[in-house]
Amino acid sequence: MSVSKVECKVMVRGKGEMMVDLYKHLAPVTVSALLRSLPMSARVTIYPRAMVCILTGLKTGVEKQRLDYAKGEVAFLAASGSLCFFTGAAKSQSPLNPVGSVSANAALLEKLTPGDVMEIVQVREIEAGVQT
C-alpha cells in the first residue's frame, strides 16, 4: 500500500462499478478534503466526448492546476466544487486540480446518462465494514 495512493470504488446503480486511485501528491489539500467527505453520492453531469462530473459541495482552492487531461484522469474543478472524470483527451477552458485516475473499468463512464447517481467510497472503508 502506498502512502500517496488511495483506492476508491465508484458505483452507479444498475450500471456497474469502477475503481479510482486518488494520489495525495498530485494535490494534497484537495485529495485530503475529498477523502474526508467520503462516502459521497451525487447526480452526474455529462460533457460529451470530454468528461463526466459530479458536484461535491467542497470548497477548496487552486492547487497544481493544469488544462490538459487524458482519458481516465480525474480532476477537481475548484470554481464549482466538481469532481471530473475524463472520457477522452481534453483541454479544459478552466484549470483543474489533478487528483487521480481510473484504474479499472473506465468503460462505465461511457454507459452513464444524465441523472444517474454516482456513489464514491474509499476501499478501506468497505473492507472495514466487511470485517465488522
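FYI, it's all coordinate maths here, none of it is from the lab. Remember, predicted model here, so these are calculated numbers, not experimental data. Please note: Cβ atoms are built from the backbone with ideal geometry, for glycine as well, and neighbour counts cover all protein chains shown.
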Residues of region 1-59 satisfying the condition of being surrounded by fewer than 18 Cβ atoms within 10 Å (Cβ to Cβ) and polar (S, T, N, Q): S2, S4, S32, S37, S41, T45
Region 81-126, residues that are exposed (fewer than 14 other Cβ atoms within 10 Å of the Cβ) and hydroxyl-bearing (S, T, Y): S94, T113
